[in-house]
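**Q** Below: one structure in structure tokens.
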Amino acid sequence: MRKGPEPFSSPPHAAAAFQNSPSMIIGGKSYLISSRTLVMGILNTTPDSFSDGGLFQVHEAAVARGLAMIEEGADIIDIGGESTRPGSDPVSVEEELERVIPVIEELHRTTDTPISIDTSKARVADEACKAGAAMINDITGLRGDADMAAVAARHGVPVVIMHIKGTPRDMQREPYYESLIEEICAFLREGAELAMAAGVKRENIILDPGIGFGKTLAHNLEILARLGEIRAMEYPLLVGPSRKSFIGTLTGGLPPEQRVEGTAAAITACILNGADIVRVHDVREMARVAQVADAIKRAGR
């Protein structure tokens, strides 16, 4: 079995800063939240995702990319079978299962790196966990399928509760907020309460402010600048700015594959402002960015 990165052990000079940080168990591995930033690699088995649609639609190519990301430093592999790009339409449960289950099964057989299932469908999440997934990443914040929280509780896995305004089909049609951070925190707090009411342990709840999901350029920048206010809710925080359109806008209209440097800047901001997990396409580069940003963050404490 191929081994992924070892769970992090804080260096002596950092021990005091992180002595009260909670641990999270993901796929049998224990991680000390805030001791270092975990890198989640994005693996889309879709034909139409905004950045890598069609590249890993064939199961063998998806498995190979998953293994490559582990070699590049991914702590978690997040596998999705339905595009959530702006304007996208949902796919059937059966099609989503056909795309993700063989990949999850093969990666689970060949590596000990935790696998996350990126889905808003409870049945897909259930089957994925049976196949070896150790985390659920739900872009609807548990609102898309009433059974999702129960699935997470039954399998005892961490669940990512993400903020979204609207649906992928309509979320970018002039999104408006009276008070951006307050509304995001209220949505996430309610999602956490839904999870715990279904039996999910508090330590298994991760929050995600949903960069690009019903957000304008200004909204995305404000979220990144004010992440500390969301982190103050005292749940682990996942942020996924990788290659998003706001980076393209800020860099003169660059296409997704040319947004690596902009992503690096956004990832650094995420880490310095409180992110515990960053979700990225370019694992090798962003794992190095995280190493440097983590060192700066530790020095400041």
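**Q** Please find, among 148, 162, the residue that is within 23 Å of residue 24 (Cα to Cα), free of Cβ contacts under 8 Å to residues at least 40 places away in the same chain and buried (at least 23 other Cβ atoms within 10 Å of the Cβ).
**A** Selected residue: 148, the only one of 148, 162 that is within 23 Å of residue 24 (Cα to Cα), free of Cβ contacts under 8 Å to residues at least 40 places away in the same chain and buried (at least 23 other Cβ atoms within 10 Å of the Cβ).
**Q** So which of 247, 267, 206 is outside any strand (DSSP E or B), under 21 Å from residue 139 (Cα atoms) and in contact with a strand residue (DSSP E or B) (Cβ under 9 Å, 6 or more places away or on another chain)?
**A** When all the criteria are applied, what remains is 267.
**Q** Also, I was wondering about something else. List the number of the failed condition for residue 192; all other conditions in (1) in a loop (DSSP other than H, G, I, E, B); (2) of a type outside the set (Asp, Glu); (3) touching a strand residue (DSSP E or B) at 6+ places or on another chain (Cβ under 8 Å) hold.
**A** So the condition that residue 192 fails would be (1).
**Q** I need a count of the residues in region 183-212 that are closer than 15 Å to residue 231 by Cβ and of a type in the set (Asp, Glu).
**A** 1
**Q** Considering every residue within region 218-228, establish whether at least one is touching a residue at least 24 places away in the same chain (Cβ under 8 Å) and under 20 Å from residue 43 (Cα atoms).
**A** So far as region 218-228 goes, no, none of its residues is touching a residue at least 24 places away in the same chain (Cβ under 8 Å) and under 20 Å from residue 43 (Cα atoms).
**Q** Select from region 152-164 the residues that are within 21 Å of residue 189 (Cβ to Cβ) and in a helix (DSSP H, G or I) and list them in ascending order.
**A** 152, 153, listed by residue number.
**Q** Here is a further query. Considering each of 113, 167 in turn, give the residue that is assigned to a loop (DSSP other than H, G, I, E, B) and farther than 25 Å from residue 193 by Cα.
**A** 113
**Q** Right, another one. Among the residues of region 73-119, write down those that are under 24 Å from residue 290 (Cα atoms), of a type in the set (Asp, Glu) and crowded, with 19+ Cβ neighbours inside 10 Å.
**A** Matches in region 73-119: 75, 78, 118.
**Q** I've got another one for you. Which condition from (1) outside any loop (DSSP other than H, G, I, E, B); (2) in contact (Cβ under 8 Å) with a residue 12 or more places away in the chain is the one that residue 214 breaks?
**A** All conditions are met except number (1).
**Q** Filter region 203-223 down to the residues that are over 13 Å from residue 244 (Cα atoms) and within 18 Å of the chain's Cα centre (by Cα), then identify the one that is modelled with the lowest pLDDT.
**A** By that ranking, first place goes to 203.
**Q** Answer yes if at least one residue in region 182-200 is in contact with a Ser or Thr (Cβ under 6 Å, 6 or more places away or on another chain) and charged (D, E, K, R), and no otherwise.
**A** No: region 182-200 contains no residue that is in contact with a Ser or Thr (Cβ under 6 Å, 6 or more places away or on another chain) and charged (D, E, K, R).
**Q** Could I ask something else about it? Could you please find all residues in region 183-218 being of a type outside the set (A, V, I, L, M, F, W, C) and out of contact with any helix residue (DSSP H, G or I) (no Cβ under 9 Å at 6 or more places or on another chain)?
**A** Within region 183-218, 183, 189, 190, 193, 203, 214 qualify.
**Q** Now, a different point. Quick one: how many residues across region 170-189 are modelled with pLDDT of 95 or more and part of a loop (DSSP other than H, G, I, E, B)?
**A** Of the residues in that region, 3 qualify.
**Q** Tell me which residues, restricted to region 130-151, are of a type outside the set (A, V, I, L, M, F, W, C) and assigned to a strand (DSSP E or B).
**A** 137, 138
**Q** Filtering region 249-288 down to residues that are over 17 Å from the mean Cα position of the chain (by Cα) and surrounded by 18 or more Cβ atoms within 10 Å (Cβ to Cβ), which residue is modelled with the lowest pLDDT?
**A** Checked region 249-288; the qualifying residue modelled with the lowest pLDDT is 256.
**Q** Among the numbered conditions (1) in contact (Cβ under 8 Å) with a residue 40 or more places away in the chain; (2) surrounded by fewer than 17 Cβ atoms within 10 Å (Cβ to Cβ); (3) polar (S, T, N, Q); (4) over 21 Å from residue 29 (Cα atoms), tell me where residue 179 comes up short.
**A** Condition not satisfied by residue 179: (1).
**Q** Could I ask something else about it? Take residue 253 and tell me if it is assigned to a loop (DSSP other than H, G, I, E, B) and free of Cβ contacts under 8 Å to residues at least 40 places away in the same chain.
**A** yes
The values are calculated or read from the model by the stated rules, or taken from the named source; none is laboratory data. Remember, predicted model here, so these are calculated numbers, not experimental data. Reconstructed Cβ throughout: ideal geometry from the backbone, glycine too, with neighbour counts over all protein chains shown.
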